[in-house]
Amino acid sequence: MRSFRFIACCAALVPLTAALAPRGTAITFAPEAELSLTKTYSQVLNAELAEILFSMNGEDVEIEEVPTITITSTETIVLTDTYDAVGDGRPTKLTRVFDELSRSREQSAEEEQTTFEETSELEGLSVAFVWDDDESEYTARFTDEDESADEDLLDELFGDADMLGFLPRGEVEEGDTWSVELDDYRRLFSPSGELTFVDEDDEPSREEIDDMIDENLEGEIECTFKGVEEVDDVRMAVIEFTIELESEGETTEDMEVEDDEVDSATQSRTITIDSEYEGTLYFNLAAGHVASVTIVGESNFSIKEGVLIVHPEFGEFTQNQTMFFEGELEGEITFE
């Protein structure tokens, strides 16, 4: 009888023991309040002209030799975030200082080289983000020391610069996979949102076609949990991800006509992109935040420019040129 009761008690403990056993790894955003992190985002895209097509009135024109054209684009964004309050897996209040915001593009065609620099009025400013539960978004305002800054700069900023959308919901085991929304991709490559970059003439560098490409973005982002590693005595959850994206934007505008014999002239521009990236994210389990991210991959794009001229006597005349570029991107993010 005693033996039966002992076995019964042990059997009753089995489900409890199984329930208490760890089933996976919880990768939870939970930094301590008042923690400050400097987040450095840097990326370089090197692209080279691979092919060029030219046509007039629908007839292809043979190009004897593809010219040598290279484009190198670099971007550096440095933010310092102080988590004033944290809850429900996100910062509920944070203060962000835009330490450095810079972009440059170097274009070489044969022996001619041109460099374009971009800056932002947000650099050096401080913004407070507060989570609004009712609206499910952050409200933004300049802190007291920068309250006289142009509030239009806040219009398209967002608070999430922690790659929250790349983190799994609930515990995961090695080999588990999950998908990421395209909006979270935008937060990866545009940390803190639209930073209102301007060129050397103080003209906005973002064009209408850039908005169209962003709106038409399609693709898939898949994450895989690769387990936990010890990095400099710190337990890091390792997440590998793949990104496959494509998009297109097109604009058309009337050209100024100086020739009285021409009725009208229209210029069109179409840009397509096709990108494939691979990345690795390290998450500091003890500190509760991302530690670093690396991204590499291909980013190919084409630029098609066309002109339509309407002549009262000879009718329509068209001319199109399409340039195909092959690019390689390298990116790195560090949270320190």
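The values are calculated or read from the model by the stated rules, or taken from the named source; none is laboratory data. Fair warning: this is a prediction, and the values are worked out from it, not measured in the lab. Cβ coordinates were reconstructed from backbone atoms using ideal geometry, including for glycine residues, and neighbour counts include every protein chain displayed. We work out accessible area using only protein heavy atoms, side chains counted, and drop any ligands, DNA or RNA first. Shrake-Rupley method; radii C 1.70, N 1.55, O 1.52, S 1.80 Å.
Data table
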quantity: Theoretical FRET efficiency, 1/(1+(r/R0)^6), r = Cβ-Cβ of SER264 and ASP201, R0 25 Å, to 0.05; calculated: 0.30
quantity: The chain - percent relative contact order, Cα under 8 Å, separation 6 or more; calculated: 18 percent
quantity: Kirkwood Rh and Cα Rg combined as Rg over Rh, evaluated for the chain; calculated: 1.11
quantity: Segment VAL257-SER102, length gained on full extension (0.36 nm per residue, minus Cα span); calculated: 52.1 nm
quantity: Calculated FRET efficiency for the pair THR224/ALA287, C-beta based, R₀ 22 Å, to 0.05; calculated: 0.45
quantity: Charged-residue dipole, Cβ positions (Lys, Arg, Asp, Glu), region 260-302 about Cα centre, Debye nearest 20; calculated: 480 debye
quantity: Reach of LYS93 by Cα under 17 Å, taken over aspartates and glutamates that are not fewer than 8 positions away in the same chain; calculated: GLU32, GLU34, ASP81, ASP84, ASP132, ASP133, ASP134, GLU135, GLU137, ASP144, ASP160, ASP162
quantity: Given charges at beta-carbon only (K, R positive; D, E negative), |dipole| of region 237-336 in Debye; calculated: 680 debye
quantity: Among GLY89, GLY227, VAL198 the positive-end extreme of the charge dipole of the chain (Cβ point charges); calculated: GLY227
quantity: Dipole moment magnitude, nearest 20 debye, region 35-178 about Cα centre, only Lys, Arg, Asp, Glu C-beta charged; calculated: 580 debye
quantity: Solvent-accessible area per residue, Å², over region 144-233 with all protein chains present [probe radius 1.4 Å]; calculated: 61 Å²
quantity: Label-point separation, GLU298 to GLU48 (7 Å along Cα→Cβ), nm; calculated: 1.4 nm
quantity: Relative contact order (percent, whole number), region 188-271, Cα cutoff 8 Å, 6+ residue spacing; calculated: 23 percent
quantity: Protein accessible area in the chain, 1.4 Å probe - carbon and sulfur %; calculated: 43 percent
quantity: Aspartates and glutamates with Cα under 16 Å of LYS226, excluding same-chain neighbours fewer than 8 positions away; calculated: GLU171, GLU173, GLU174, ASP176, GLU240, GLU278
